[in-house]
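**Student:** Starting off with a structure, shown below.
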Amino acid sequence: MVEITLTWARPRRDPSTPAMLLRLVNQEAEGVRVKTLVAAVISGVANAGVLAIVSAAAHKGSSTSASLCIAFLLACALYAVGYRACVSMLTGTFEQALYQVRLRIADKIRQAELGGLERIGASEIYERLTQETSVISQASWALAGCLQSAVMGVIMSLYLAKIDQTAFLLALALYGIGGYIYFLRRQAADGFLRQNASLQMVLLDRLNDLLKGFKELRLRTQRSEDLKRDFQQTAARLNSSMVQTHTFNEGNYVFLYLNLFALLAAIVFILPQFVPAYSGKLDNLIAASLFMFSSVGNVLFALPQYGRANLAAESIYELEHKLEQAAGPGPGKSADPWQGHFSELHAVDLEYSYPKVEGQRSFTVGPLSLTITAGEIVFIIGGNGSGKSTLVKALIGLYQ
């Protein structure tokens, strides 16, 4: 009987990620891009039409004609049909893309080497295939509304320009500057989202440690306390980061409304002081500005959801890249050279090293030589993390 005792300790690893939402769905959207845009345009035009008809009816008062009522109903029906078609096509495209992603990842997992899979970690794979795909799936509704609102925004801008070009240029300047500042703030918000995603991954890893090592933790009080402290610290960092993110997004929300208030103040209080003829246009200008803000606001409010979906797509592409790097040659298909029997397993200077992690010492098993004969019972003993499993995986070829 052979007894082998090992005393090395394996270092801990933390996964990381990054890639692009439009790229993810681009292939699946090949046949529906134009149809989706047409549906969004129809929906946006119909939405603007509803507002225009209501405005015309309000000016006519009690003399509202039946034709306006019919036009109103038709515009409502057109809006509903167009919006539902846009959402349906976008949702179908997103779900088909995610279906292909899930199949690809499952196939890459099947072809990966064990060591590569262990370095990625089950937590990251579960996170990407559940939470991240869910974020992308939910983004289809927001993007459909964003497309429809963008069309309506263009129409209301043209309507504002028809009423008064000075007011239109003022709105364009304010929304242009405000939109640019908002875009810069959104980039900062993306940094918070990445940080949150990274901390959530670490917290999930700690939870896996807690569940998988439950028996050992019940037997070793000190290890249990260490893991508890580690989990608390990670949860506290995630809590702080989430509060920062929500506070920052609330600031963006307030900023958008201040931008609208600035435009309304300019139209109501400033322009009439310099151009007396504005008094007769105020009602139409205010209505057009509010409708324009509504559509611009819908677009800007959809951006955070798009940002989260985009980061999710980046994470999925990064996972695919890691799985490609972990791919091995796969099991051989040649005939069994031992005909189902062998007499001796002989290892000479067997050695395996885990890839080095920055700031940590690389964990290595070996070099080690041994001979095991068929039918012999061998015990490999050692403490937790000493390398017992690593040695066995290297002996049977799971680790190259």
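**Student:** Hey, what do the phi angles of segment 150-165 turn into as Karplus ³J(HN,Hα) couplings, whole Hz, using 6.51/-1.76/1.60 and θ = phi - 60°, x for Gly and Pro?
**Tutor:** 5, 5, 5, x, 4, 5, 5, 5, 5, 5, 5, 5, 5, 5, 7, 6
**Student:** Running Debye on segment 145-275 with equal point scatterers at the Cα sites and no solvent, what base-10 log of I(q)/I(0) appears at q = 0.13 Å⁻¹?
**Tutor:** For segment 145-275 at q = 0.13 Å⁻¹, log10 I(q)/I(0) is -0.73.
**Student:** Using modelled backbone amide H atoms (1.01 Å from N, in-plane), which distant-in-sequence or interchain residues come within less than 5 Å of L345's amide H?
**Tutor:** Sorted by chain and number, the residues that satisfy this are I372, T373, A374.
**Student:** How large are Rg and Dmax for segment 53-112 when calculated on the C-alpha trace, in angstrom?
**Tutor:** Radius of gyration, then largest Cα-Cα span, for segment 53-112: 23.2, 74 Å.
**Student:** What is the Cα coordinate range of segment 92-195 on the first, second and third principal axes, sorted by size from largest, in whole angstrom?
**Tutor:** Projected onto the principal axes, the Cα atoms of segment 92-195 cover 68, 30, 16 Å.
**Student:** State the answer as a single residue: which of I53, L37, N208 lies farthest towards the positive end of the charge dipole of the chain, with beta carbon charges of +1 for Lys and Arg and -1 for Asp and Glu, about the Cα centre.
**Tutor:** Of the listed residues, the answer is I53.
**Student:** Charges at C-beta only: +1 for Lys and Arg, -1 for Asp and Glu. How large is the resulting dipole of segment 94-178 about its Cα centre, in Debye rounded to 20?
**Tutor:** 160 debye
**Student:** Which one of G383, S123, F301 has its Cα pushed farthest toward the positive end of the charge dipole of the chain, where Lys and Arg give +1 and Asp and Glu give -1 at the Cβ?
**Tutor:** Of the options given, the answer is F301.
**Student:** Compute the relative contact order of the chain as a whole-number percentage, counting only Cα pairs closer than 8 Å that sit 6 or more residues apart in sequence.
**Tutor:** 34 percent
**Student:** To continue, here is another question. Mind listing the Cα extents of segment 162-224 along all three principal axes, in Å, largest one first?
**Tutor:** Extents along the principal axes, in whole Å: 78, 17, 11.
**Student:** Running a GNM on the chain with Cα contacts under 10 Å, which residue among I155, I381, I53 ends up with the highest mean-square fluctuation?
**Tutor:** So, out of I155, I381, I53, the one fluctuating most is I381.
**Student:** If you don't mind, another one. Connecting C-alpha atoms closer than 10 Å in a GNM of the chain, tell me which of S65, S157, S88 has the biggest fluctuation.
**Tutor:** S65
**Student:** So who's got an amide H within less than 5 Å of the one on L398, skipping anything under 5 residues away but keeping other chains? H placed 1.01 Å off N, in plane.
**Tutor:** Distant-sequence amide H within range of L398: zero hits.
**Student:** I'd like the carbon and sulfur percentage of the solvent accessible area for the chain, probe radius 1.4 Å, heavy atoms only, ligands and nucleic acids excluded.
**Tutor:** 62 percent
**Student:** Roughly how many debye, to the nearest 20, is the charge dipole of the chain about its Cα centre, given +1 on each Lys and Arg Cβ, -1 on each Asp and Glu Cβ, and no other charges?
**Tutor:** Charge dipole of the chain: 740 debye, to the nearest 20.
**Student:** Name the residue, out of F255, F342, F192, whose mean-square fluctuation peaks in a Gaussian network model built on the chain with Cα pairs under 10 Å.
**Tutor:** Fluctuation is largest for F342.
**Student:** Picking from G191, I372, A71, whose Cα lies most toward the positive end of the charge dipole for the chain (charges on Cβ: Lys, Arg +1; Asp, Glu -1)?
**Tutor:** Of G191, I372, A71, it is A71.
**Student:** Distance cut-off 25 Å, Cα to Cα: go down the list K108/K228; K35/K322; K35/K108; K215/K356; K108/K393 and report the pairs above it.
**Tutor:** Violating the 25 Å limit, Cα to Cα: K108/K228; K35/K322; K35/K108; K215/K356.
**Student:** On to the next question. Once phi is turned into θ = phi - 60°, what whole-Hz ³J(HN,Hα) does the Karplus curve with 6.51, -1.76 and 1.60 give for every residue of segment 92-99, x standing for Gly and Pro?
**Tutor:** Once θ is set to phi - 60°, the couplings for segment 92-99 become x, 5, 4, 5, 5, 5, 5, 4 Hz.
**Student:** Candidates (i) -0.65, -0.75, -1.07; (ii) -0.49, -0.59, -0.96; (iii) -0.38, -0.48, -0.87; which is the computed log10 I(q)/I(0) by the Debye sum over Cα atoms at q = 0.08, 0.09, 0.12 Å⁻¹?
**Tutor:** Identified label for the calculated read-out: (i).
The values are calculated or read from the model by the stated rules, or taken from the named source; none is laboratory data. No experiment lies behind these values; they were computed from the predicted model shown. Note that each Cβ is placed from the backbone with ideal geometry, even for glycine, and that neighbours are counted across all protein chains shown. For the accessible areas, the whole protein counts, side chains as well, though only heavy atoms, and no ligand, DNA or RNA atoms are used. Shrake-Rupley method; radii C 1.70, N 1.55, O 1.52, S 1.80 Å.
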